[in-house]
Amino acid sequence: MADTLTTNLTNLMYEMRERAVRVFPTRAVFLSELEGVNKDAEPVYNSRGRIRRDTPEGRKTFSGKWARVPLRLNPKQGTGTIAEAGTVNTPHVVNTNEAHIPITRIVHPISISLDAAYASEDNYAETAGAVADEMKEAEDVMPRVENEMLQGNGDALLAAVTAGLATAVVTVGTAANFYQLYVGRIIDVLTRANGTPVTNGAGRTIVDTNPAAGTITVDLAITTTTAEGVYIEGSYGTAIQGLGQVIASTGVFEGIDKALVPQWRGVDGRSGVVTAADLSMALLDAAEDTVGNNGGGPDFYLGDPRVISRYHQTLITQVRWAGEAGVLKTGWSGVTYRDKVLVADRDAKPGRIIGLDMDAYQLYSYTNGPDWIDDTGSMWMRFSRKLPREAWFADFFQFGVRKNNTTVFLDNLNRS
């Protein structure tokens, strides 16, 4: 009976494969836009056609486990006027480069014990339902973690430790994103410089949070200093690239040193001003003007929901106008600034919004979406002479960026 049960469960997982690939991108705004899939899991199109994953068909943009990203550092030069008998400008080489970025592996395991299989011999639907629920959970949580990484700095850091303690309480500051630091989450507490866990720091569970105090409580006392950070479980050093790297003005990103190549920096829409301020049309106008100097600009804005809510509230207070509602082609809605939609993303850094130029980004992947690994001949695998069986829901992909200076950000914004 156990063999039949396992076969049936495998069939169930195969049946759910198509749904996983189809529905997966609809879980977050940026993923939907990158994949070109709306909230109803239908394809959408823009001036470039449908934006979707670049896969290794023909191996045109792949070399082994590396994806090749073509980079455009600035508009092509050479255009100019001439006199009636004058000389045409000398042709200039396009200022381009090429980056090689590794594909990242993100995996969510599920398991079923042999006892559970035997106990359900008389009620197959019970076990099948449990596995289906596990698969649904995997479909929900994986895009959530991927979205955290896409909004991050490429290091899987959720929050830096801001004060040293030798207790189960970890201080991360009131500016941390507590949407990501939820009760029940398993995290790693590591030294930021090298990824070394503090004693008992790996695999800790958050058992309580206090956003007002800027603290989380974990299930075991640990000793932390300001050199540590709270990380996505098991992901230090292998995270997906993120928008935090795109907007940075320093550091090496996709092999290019931003300090040496000004065109490879993101654009600060507030031009270095760090004083807290309400998001306003004036700030957005200034941001658009600044990023427009680079020959491009955002298709829409994505950011802290409470910053966007305050913007909405300010419009009502100042001009008794709530602003027009706007909807992206992927179905996500928000309030508009001129003809651009401001969409909330709870994974955004608190106090920040980012203007996204979708023409600058591309997903690179081995497949068209996440899938259950079955290269051993079955989705169910057993390890280390143990009875429980595991199945792995995996996605092999990377976020590639062709240009940085058409992405604009605004930081230190007041929240509602």
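Take the residues in the range 243-287 that are out of contact with any strand residue (DSSP E or B) (no Cβ under 7 Å at 6 or more places or on another chain) and closer than 17 Å to I101 by Cβ; name whichever of them is surrounded by the fewest Cβ atoms within 10 Å (Cβ to Cβ).
Looking at residues that are out of contact with any strand residue (DSSP E or B) (no Cβ under 7 Å at 6 or more places or on another chain) and closer than 17 Å to I101 by Cβ, I get D257.
Taking the condition of being assigned to a strand (DSSP E or B) and of a type in the set (A, V, I, L, M), how many residues in the range 266-277 meet it?
Looking only at that region, the number is 2.
Need the failing condition index for T290 against (1) among the polar types (S, T, N, Q); (2) out of contact with any strand residue (DSSP E or B) (no Cβ under 7 Å at 6 or more places or on another chain); (3) surrounded by 14 or more Cβ atoms within 10 Å (Cβ to Cβ), just the number.
(2)
Could you grab me the full set of residues in the range 217-227 that are touching a Ser or Thr at 6+ places or on another chain (Cβ under 6 Å) and either surrounded by 14 or more Cβ atoms within 10 Å (Cβ to Cβ) or part of a loop (DSSP other than H, G, I, E, B) (or both)?
D219, A227
When you check T191 against the structure, is it hydroxyl-bearing (S, T, Y), assigned by TED's automatic domain parsing to the domain that holds G173 and either closer than 24 Å to H108 by Cα or touching a residue at least 24 places away in the same chain (Cβ under 8 Å) (or both), yes or no?
yes
Within the range 251-265, work out how many residues are assigned to a loop (DSSP other than H, G, I, E, B) and touching a residue at least 12 places away in the same chain (Cβ under 8 Å).
5
Consider G244 against the criteria (1) assigned to a loop (DSSP other than H, G, I, E, B); (2) in the same structural domain as E146 (by TED's automatic domain parsing); (3) not basic (K, R): it satisfies all of them except one. Which criterion is unmet?
The one condition G244 does not meet is (1).
Cβ contacts < 8 Å: first residue under 13 Å from L181 (Cα atoms) and free of Cβ contacts under 8 Å to residues at least 24 places away in the same chain, restricted to the range 208-229; second residue part of a strand (DSSP E or B) and among the aliphatic types (A, V, I, L, M), any location; separation 6+ or different chain. Result?
The qualifying pairs are N210/I216.
The values are calculated or read from the model by the stated rules, or taken from the named source; none is laboratory data. Given the structure is predicted, the values throughout are model-derived calculations rather than measurements. Every residue, glycine as well, gets a Cβ built from its backbone with ideal geometry; the counts of neighbours run over all protein chains shown.
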